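The next block holds one structure in the form of structure tokens; read it before the comments.
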Amino acid sequence: MWEYTNKVQQHFLHPKNVGEIENPDGIGEVGSLACGDALKLTFKLDDKGVIGDAKFKTFGCASAIASSSVLTEMIIGMTLDEAAKVTNEDIADRLGGLPKEKMHCSVMGREALESAIANYRGLKLPMAEGEVVCECFGVTDLEIIRAIKESNLRSVEEITNFTKAGGGCGKCIDRLREILVATVHQDVDIKKIAEKPKRMTTLQKIKKIEEALEREIRPGLRKDGGDIELVDVDGDFVMVSLRGSCTSCAKSQTTLKEYVEKKLRELVLDSLIVEESK
Amino acid sequence: MMNPENVVYMDNNATTRVAPEVLEAMMPYLQTYYGNPSSMHRFGGQVGAAITEARQKVASLLGAEPEEIVFTSCGTESDSTAIFSALQSFPDKRHVVTTRVEHPAVKNLCENLDTLTGHKHRLTRLMVAADGTLDLQKYEEALADDTAIVSVMWANNETGVIFPIAEMARIARERGILFHTDAVQAVGKVPINLKELDVDFLSLSGHKLHGPKGIGVLYVRRGTPFVPFLVGGHQERGRRGGTENVASIVGLGRACELAAAHMAEENSRVKALRDKLEEGLLSSIPHSMLNGHKTDRLPNTANISFEYVEGEAILLHMDQYNICASSGSACTSGSLEPSHVLRAMGVPFTAAHGSIRYSLSIYNTEAEIDFVLEKMPPIIAGLRQMSPFWKAEM
């Protein structure tokens with residue numbers, strides 16, 4: 001059973017603005033039957049360029065229906081420029097939060113809105129032009145990168161919760177990890193914002209990583225006069241600092257990836273990404 | 001907490017109500033007779049007699065001998081015990097035959113044998129037809145000289161489809177291959193007589209037949225090579241270590257006795273209720289279809305797909321009327337893909353996401369069926385009106 005907020009239940013049981021506007025100014029359609037959820041959003045502008053009416057049709061679970069319903073409520077009365085700024089986090093917040101496995105429902109709402117605005121403006125959607133990474137759910141790299149940046153995602157599991165990518169056959173998981181690493185790197189600013197309160201899972205990770213370092217990794221490094229210290233754990237990113245002879249060793253990067261990261265993945269979690277903190 | 005009196009419970013393949021007679025039988029062993037059956041003193045030892053009696057009752061329901069009954073903690077433990085035992089008994093045999101539609105207790109075990117045992121295995125997962133049935137010829141062809149065990153469920157938990165276990169076990173026996181069946185959904189609903197079958201291992205679970213949760217049984221045919229899964233004390237004649245769950249064992253014994261007494265009702269009155277529900281839903285709701293074979297099926301299960309709507313949304317609307325059922329939709333499982341059983345049957349996505357499983361028991365009434373038949377059509381119509389794939393003219 002999912003823990004849905006009262007607000008989600010309210011919008012699910014008594015959805016607002018169900019239907020389709022005739023001769024709409026903008027239409028946005030996302031998702032498919034195969035994917036398990038789909039949303040068709042239509043809106044009409046009034047003579048001041050403000051969204052006068054918006055309606056939705058949704059195939060999906062309670063949170064998909066609630067996200068669609070609350071979205072129409074939010075955008076009625078907004079100009080298109082204002083509406084274009086609505087994020088999936090805004091939708092989830094208005095619902096009092098969504099279970100993390102259901103965040104993709106809010107992402108679907110935002111994508112439909114974006115698609116409807118692009119449709120009105122006669123633009124092509126930039127997101128759809130990316131390279132498809134997850135074939136099961138048709139998710140492109142651009143969509144994944146944006147989700148990582150906007151929602152401060154720090155693990156492949158989080159990417160799946162937000163975009164569904166990787167939730168089917170699982171073949172794209174390595175590629176998702178690559179995109180995650182590359183995106184987090186370009187985005188130093190986001191990293192600062194990402195200092196959210198640590199959750200239990202992170203604490204557990206730190207404990208296990210410390211244990212693994214002490215028991216398995218340090219003895220090996222110390223033999224060669226080196227050492228290692230754990231600096232930080234952020235999602236799947238493990239920041240370490242090399243000490244002693246490791247600092248001047250030409251092979252230190254290889255040690256980090258081939259030895260430390262391999263060991264930690266083996267002992268703690270498959271998805272960890274080890275990096276040197278500088 | 002919700003008052004169970006107001007609940008229309010049609011989710012009996014998930015778990016069942018503990019029969020009042022079962023609870024009554026258990027209470028003395030929770031309140032008064034707390035002794036350990038292994039103790040030397042009479043206060044503990046007397047409890048052993050209750051276990052012996054329960055073992056006889058379980059054996060009698062299955063047509064087995066009491067010494068062929070091993071009490072475990074659940075169906076999953078029974079499944080693991082059987083499969084690991086066979087693999088350890090025949091270390092040279094590294095091939096396992098199962099189906100695509102097993103319960104996760106068998107499916108996830110078989111799919112991870114290499115990691116779990118540290119040895120390389122070959123796994124054959126038999127396909128099913130669109131109605132969920134197996135092809136016996138394909139099964140025979142799958143058996144090999146290095147097959148250690150066949151593990152095939154007696155009845156499917158999602159669709160209720162029954163597999164030809166008697167025939168399949170006979171074929172395995174002819175080839176000298178051990179045969180395990182996960183009969184968790186079948187025990188108590190269909191007659192089972194192990195004396196007439198070539199089954200070597202059979203798993204059952206207490207809470208699926210109005211017994212308590214946390215008690216299971218593995219039937220091990222006399223003479224079958226056996227390696228214990230839980231190693232410890234001498235309990236269960238060394239086949240399963242751990243102090244006996246006395247109250248639950250006694251409860252399961254009583255549940256098996258009741259199941260034998262209710263078997264005819266299950267296959268007549270409950271089946272008639274199920275048929276009424278099924279026919280009523282299929283005729284009153286357009287674009288709905290039955291998943292699974294029409295007749296080779298448990299008497300209590302109806303799995304119906306309502307196209308163009310999603311299962312979780314249906315269930316939550318049903319929940320508003322206190323109607324309890326399950327769905328094979330992706331959203332209810334916590335995964336992003338719909339049920340592996342429906343996908344193996346080739347049920348189209350349009351229908352798999354909107355599948356609802358109704359599973360009845362002897363406690364259901366005709367009034368409840370009428371109530372569900374009255375509430376379902378507007379729920380489905382309401383959601384369809386909201387669905388972008390639904391066209392009014394359909």
>> Along the Cα→Cβ direction, 7 angstrom out, place labels at B:F371 and A:S271. What is the inter-label distance in nm?
In response: 4.2 nm
>> With a cap of 16 neighbouring Cβ atoms within 10 Å, and only residues DSSP puts in a loop, list the trypsin sites (Lys or Arg not before Pro) found in region B:146-216.
In response: B:R175, B:K213
>> Report D for the protein assembly as shown in µm² per second (integer): Stokes-Einstein, Kirkwood Rh on Cα pairs, 4 °C, 1.567 mPa s.
In response: 46 µm²/s
> Per-residue HN-Hα couplings for region B:123-139, Karplus 6.51 cos²θ - 1.76 cosθ + 1.60 at θ = phi - 60°, whole Hz, x for Gly and Pro?
Replying inline: 10, 10, 10, 5, 6, 10, 7, 4, 8, x, 8, 9, 9, 5, 5, 4, 4
> Zone of B:A14 (label point 7 Å along Cα→Cβ, backbone N under 11 Å): which residues in region B:350-394?
Replying inline: B:357-359
> In region B:257-316, what trypsin sites (Lys or Arg not before Pro) fall in a loop by DSSP, with at most 12 other Cβ atoms inside 10 Å?
Replying inline: B:K294
> Dimensions of region A:80-138 along principal axes (Cα, Å, largest first)?
Replying inline: 34, 32, 11
> Dividing the convex hull volume of the alpha carbon atoms of chain B by its residue count, what do you get in Å³ per residue?
Replying inline: 141 Å³
>> I need B:Y363, B:Y358, B:Y33, B:Y308 ordered by Cβ neighbour count within 10 Å, fewest first.
In response: B:Y363, B:Y33, B:Y308, B:Y358
> Residues in region A:1-27 near a label at A:D53, defined as backbone nitrogen under 12 Å from the 7 Å Cα→Cβ point?
Replying inline: A:17-25
> About its Cα centre, what dipole magnitude does region B:84-190 give when the only charges are +1 on Lys and Arg Cβ and -1 on Asp and Glu Cβ, stated in debye to the nearest 20?
Replying inline: 160 debye
>> Kirkwood hydrodynamic radius, computed over distinct alpha-carbon pairs, for region A:127-193: how many Å, to one decimal?
In response: 11.6 Å
>> I'd like the distance between the alpha-carbon centres of region B:153-190 and region A:93-136, rounded to an integer number of Å.
In response: 46 Å
> Efficiency by 1/(1 + (r/R0)^6): what FRET value for B:K195 and B:N6, r their Cβ-Cβ distance, R0 = 45 Å, to the nearest 0.05?
Replying inline: 0.55
> Between B:R42 and A:K262, what is the spin-label point distance in nm, taking each point 7 Å from the Cα along the Cα→C-beta axis?
Replying inline: 6.8 nm
> How high is the relative contact order of chain A, in percent, counting Cα pairs under 8 Å that sit 6 or more residues apart?
Replying inline: 12 percent
> If you take the square roots of the eigenvalues of the alpha-carbon gyration tensor of region B:63-106 and sort them as a ≥ b ≥ c, do you get rounded (a/c under 1.5), prolate (a/b over b/c) or oblate?
Replying inline: oblate
> Taking the Cβ-Cβ separation of B:D135 and A:D90 as r and a Förster radius of 35 Å, what is the calculated FRET efficiency to the nearest 0.05?
Replying inline: 0.10
>> Taking the square root of 5 times each eigenvalue of the Cα gyration tensor, what semi-axes in Å does the equivalent ellipsoid of region A:200-276 have, largest first?
In response: 20, 12, 11
> Using the count of nearby Cβ atoms within 10 Å as a rough guide to exposure, how do B:V7, B:V372 rank from fewest to most?
Replying inline: B:V7, B:V372
> Sorting B:V217, B:V97 on the 10 Å Cβ count, fewest up front, what's the list?
Replying inline: B:V97, B:V217
> Does a label point 7 Å from the Cα of A:E22, set along Cα-to-beta-carbon, have any residues of region B:359-385 with amide nitrogen under 20 Å, and which are they?
Replying inline: B:385
> How well do other chains shield peptide B:376-384, expressed as the mean number of their Cβ atoms within 10 Å of each residue Cβ?
Replying inline: 1
>> What does the charge count around A:L142 come to, taking other residues whose C-beta lies under 9 Å from its C-beta (Lys +1, Arg +1, Asp -1, Glu -1)?
In response: -3
> How large is the helix-only mean residue ellipticity at 222 nm for the protein assembly as shown, computed as the sum of -39500 (n - 2.57) over DSSP H runs with n ≥ 4, divided by its residue count, in deg cm²/dmol to the nearest 500?
Replying inline: -12000 deg cm²/dmol
>> Can you find, among A:S67, B:P377, B:A302, the residue sitting farthest towards the positive end of the charge dipole of the protein assembly as shown, where Lys and Arg contribute +1 and Asp and Glu -1 at Cβ?
In response: B:A302
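Any read-out appearing in this document is the output of simple, stated calculations on the displayed coordinates, not a laboratory observation. All figures in this text were calculated on a predicted structure; none of them were measured in a lab. No Cβ is skipped: glycine too gets one built from the backbone with ideal geometry, and neighbour counts run over all protein chains shown.
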